[in-house]
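The values are calculated or read from the model by the stated rules, or taken from the named source; none is laboratory data. Just so it is clear, the structure is predicted and the values come from calculations on it, not from any experiment. So basically every Cβ, Gly included, is an ideal-geometry build from the backbone, and we count neighbours across all protein chains shown. Heads up: the accessible areas ignore ligands, DNA and RNA and are worked out on the full protein's heavy atoms, side chains in. Shrake-Rupley method; radii C 1.70, N 1.55, O 1.52, S 1.80 Å.
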Amino acid sequence: MATSKPQRTPAEIEDIILRKILLVSLVDSMENDTRVVYLEMTAAEILSEGKELRLSRDLMERVLIDRLSGNFVSAEPPFQYLVNCYRRAHEEGKKIASMKDKNVRSEMELVVKQVKRLAVSYCRIHLGNPDMFPNWDMAPANVSLLLPLLFSEVSSSVDVFGGSSGSGGVSSPPGFLDELLKDADFDSMDPILKQLYEDLRGTVLKVSALGNFQQPLRALLFLVKYPVGAKCLVNHPWWIPNSVYMNGRVIEMTSILGPFFHVSALPDHTIFKSQPDVGQQCFSESATRRPADLLSSFTTIKTVMNNLYDGLAEVLMSLLKNSTIRENVLGYLAAVINKNSSRAQLQVDPLSCASSGMFVNLSAVMLRLCEPFLDANLTKRDKIDPQYVFSSTRLELRGLTALHASSEEVSEWINQNNPGKVDVAKEGSDGENRLLASQEATSSGNDSGGPSILHYNNPISSSSEKAKYPFICECFFMTARVLNLGLLKAFSDFKHLVQDISRSEDNLSTMKTMLEQTPSPQLQQEIARLEKDLESYSQEKLCYEAQILRDGGLLQRALSFYRLMVVWLVELVGGFKMPLPSPCPMEFSSMPEHFVEDAMELLIFASRIPRALDGVLLDDFMNFIIMFMASPEYIRNPYLRAKMVEVLNCWMPRRSGSTATSTLFEGHQLSLEYLVKNLLKLYVDIEFTGSHTQFYDKFNIRHNIAELLEYLWQVPSHRNAWRQIAKEEEKGVYLNFLNFLINDSIYLLDESLNKILELKELEAEMSNTAEWEQRPAQERQERTRLFHSQENIIRIDMKLANEDVSLLAFTSEQITVPFLLPEMVERVASMLNYFLLQLVGPQRKSLSLKDPEKYEFRPKELLKQVNEVLYIC
């Protein structure tokens, strides 16, 4: 009968488990595993103390220190050893779980737990003091030893387009990083995480939308979810870099978060260009690519950029939830905004300003932070305090152009309302005596810190400010600034890029025509240069399209934000009702002008993108436009009020291609009562804009107004309102409207006809082939350009003249009285005589063109309309 195997004691089991985990031996057993270290000196000390040569919990730390302190070159270096101790402890823990004896199992679980805790503790000590233990690693890392472990912790199979995971085959034992970060104190982890954050930043530096940014982003999110990780990040010297050369680009490239926000598909200056090159990889020679390939590229870019937006929003949200560091986060966002204020200029210096990519990304992220207060009923809008504009020392808002008030008026108003207080604008931003009574009046609550929920209604306190504003208020104004410098600036850049492409295509066409007539090496070089430029422009245009125009979600979020903006602004004047109160409330008058301009620009841009306005509530925008487009005492800038007309122009049913917008014009009380009246008033007001280009600007603005009026004339309710206005304002606005309409008609027709004569002269020059080819190439080029320029001018002026005469014709048919007033009869007669002289007089033959329709020159139609007016008068 076989003898049963003797059962091991708990002490023996503990010894075996610890030897397996720590890879040490107190007995020289000629172990084959080179990783196992014989601690001879430790064994001798233990024997001299009269103890057994057996590993136990009591000896565990002593043995670990001796193992780390020895120079055992054939075994694992300290960091790898400690991490693998944790790994082996985890593996042993799984085996222990199957032990039948509950008491032994419980004891051994405590052993494993303690050895894990020790391994993590000494990891912290080693990482914070690398020279404490001998390190014989022959390839010392120039990056944090934690980086590969962190990457393995957050690795995914879809991290990069054909790239590697970045963890270098190193894996993090389950639970190791969690234990390292969970209960760690700031002082011990700060030097460790300082290096780690710098290295993490380096992995995304100059990485484009097609590169591996997703793994570093997940790693960043993993770290900031631990309080110690969040605190170390915002206390990092590079959180907001402190440099004498500090500017927008420096923050973008050197702050820890900056390179994450730089990841983009949008073009950037050559010095800061990211890889892989999105334009080159996705859109090179786009004219020859299959539509399906382009669509695939658009989808890929939209998807990865939304992954970036979601990840960065989650990082910021995680940081903002921690009340002890919320101020640091808002301080970072404010620094990015304030240091990039010059991005609002037409020409942006790429060396001193952050990239468009960063600010479009930041726009998308800020809009995500706004989502909780962009509900359909905008129920949280009362948390937005207009006093923030005057009293916040976080954002530089006071230097922005206001809707109506001058800076002197704002200062005087603040001083009147807060006697004895110092005006922030005059005092500067040195942090002393810069608070207003209005700040104290709006203060409420006390943020005691600690909760892990971001309370949108809670006020935010600052060590440098007594004022407290709810997060909603801070977030609202920051988002408005970011969108102005980001998404809206990108719209403007895209518009200019499209214009550059159009000009280059025209130049290329002209040069190719000239090359056919007179071959020249110089011309060939110029054509090659233009073709190269056009390829580059085309790639840039498609990158903008991929990241912005094709992202319906981004545009919809922006539209929701600006709906809140206009509703909130209207509440400053008493709500959606007419007539407006007089005088204009200073709270409204002092708001930054770009708040309204950006809303209008977004509406114009979105209106030109198919389906971008689907499901968007436009009623509030419509009412806002009707209320303010003819109110110069509320919105001083006539060009901004003219932009409102441009929005309405885009919404005309024949333009928008949607019947949904027709209800905006035909089913709204404010629209039916005030739209025609305010359009006629603006038509008159726009005569004097105050700009040096006002004479020419007015024609384009009036063209938009005329198109709208022509549409509204077809709507019976608006036509009735028009008749009523003509009756009530017979010698006021309506008379002025008719006067300006007649003036414009005469000027535009006269200008067009004179240009036709000049064009015919140029045409004659160019048709004389023998003489033309004898002229110098440069002169021919200049004359050809002049010819095309004249063609464009005639086309535009003729179109405007046709519109004005048409407007006169159809209004005079049903509203005759104003035309028969004594002060109007002679003016109308002079105009009609002039038109008849030009169209049927002696010089009519000199106005004949080969293709009059090309220039929108329709003399028969013009003559018919002139006769209609003549008949009525």
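Checking the conditions here, which among E758, E803, E773, E826 is in a helix (DSSP H, G or I) and either among the small types (G, A, S) or without any contact (Cβ under 8 Å) to a residue 12 or more places away in the chain (or both)?
E826
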Query - Residue within the range 273-282 that is in the same structural domain as D185 (by the TED database), closer than 17 Å to V329 by Cα, open to solvent by less than 20 Å² (accessible area, probe 1.4 Å) and modelled with pLDDT under 95 present - result: no
Query raised in the report: Just to be sure, is I635 open to solvent by less than 10 Å² (accessible area, probe 1.4 Å), of a type in the set (V, I, T) and within 31 Å of the chain's Cα centre (by Cα)?
Result: yes
Report task. Take the residues in the range 245-272 that are of a type in the set (V, I, T) and farther than 19 Å from L333 by Cα, then tell me which one is surrounded by the most Cβ atoms within 10 Å (Cβ to Cβ). Result -> I271
Query raised in the report: If you take the residues in the range 331-368 that are open to solvent by less than 10 Å² (accessible area, probe 1.4 Å) and not in a helix (DSSP H, G or I), which one is nearest to K273 (Cα to Cα)?
Result: S355
Query raised in the report: Would you call R326 crowded, with 21+ Cβ neighbours inside 10 Å, more than 19 Å from the chain's Cα centre (by Cα) and charged (D, E, K, R)?
Result: yes
Report summary line: Expected single match for touching a residue at least 12 places away in the same chain (Cβ under 8 Å), more than 20 Å from V329 (Cα to Cα) and among the hydrophobic types (A, V, I, L, M, F, W, C) among A219, A230, A209 is A209
Report summary line: The condition of being crowded, with 17+ Cβ neighbours inside 10 Å, at pLDDT 90 or above and of a type in the set (K, R) holds, among R88, R62, only for R88
Query raised in the report: Are there any helices (runs of 4 or more DSSP H) wholly within the range 632-740 with 2 or more residues that are of a type in the set (A, V, I, L, M), and if so which?
Result: 638-651, 669-685, 694-713, 716-728
**Report entry** Residues of the range 765-789 that turn out to be small (G, A, S) and open to solvent by less than 60 Å² (accessible area, probe 1.4 Å), as a count
**Finding:** 2
Requested in this report: Kindly provide the set of residues from the range 638-669 that are buried (at least 23 other Cβ atoms within 10 Å of the Cβ) and either free of Cβ contacts under 8 Å to residues at least 24 places away in the same chain or more than 26 Å from G574 (Cβ to Cβ) (or both), ordered by number.
Outcome: none
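Name the one entry in S509, S560, S463 that is among the hydroxyl-bearing types (S, T, Y), farther than 28 Å from S352 by Cβ, at pLDDT 90 or above and not assigned by the TED database to the domain that holds L333.
That would be S560, the only listed residue that is among the hydroxyl-bearing types (S, T, Y), farther than 28 Å from S352 by Cβ, at pLDDT 90 or above and not assigned by the TED database to the domain that holds L333.
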Query raised in the report: Taking the stated definitions as given, is N242 surrounded by fewer than 17 Cβ atoms within 10 Å (Cβ to Cβ) and either part of a loop (DSSP other than H, G, I, E, B) or of a type in the set (S, T, Y) (or both)?
Result: yes
Report task. Go through V73, V24, V36 for me and flag whichever is out of contact with any His (no Cβ under 7 Å at 6 or more places or on another chain), of a type in the set (V, I, T) and buried (at least 20 other Cβ atoms within 10 Å of the Cβ). Result -> V24
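Taking the criterion of being at pLDDT below 85 and within 60 Å of the chain's Cα centre (by Cα), would at least one residue in the range 18-33 satisfy it?
Yes - at least one qualifying residue is present in the range 18-33.
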Report task. Mind telling me which of the residues E729, E707 ends up being open to solvent by 30 Å² or more (accessible area, probe 1.4 Å) and not polar (S, T, N, Q)? Result -> E729
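If we scan the range 670-684, do we find a residue that is under 31 Å from the mean Cα position of the chain (by Cα), open to solvent by 30 Å² or more (accessible area, probe 1.4 Å), more than 30 Å from E545 (Cβ to Cβ) and not aliphatic (A, V, I, L, M)? I'd like the intermediate steps shown before the answer.
Looking only at the range 670-684, we keep the residues that are under 31 Å from the mean Cα position of the chain (by Cα), and these are none.
No: the range 670-684 contains no residue that is under 31 Å from the mean Cα position of the chain (by Cα), open to solvent by 30 Å² or more (accessible area, probe 1.4 Å), more than 30 Å from E545 (Cβ to Cβ) and not aliphatic (A, V, I, L, M).
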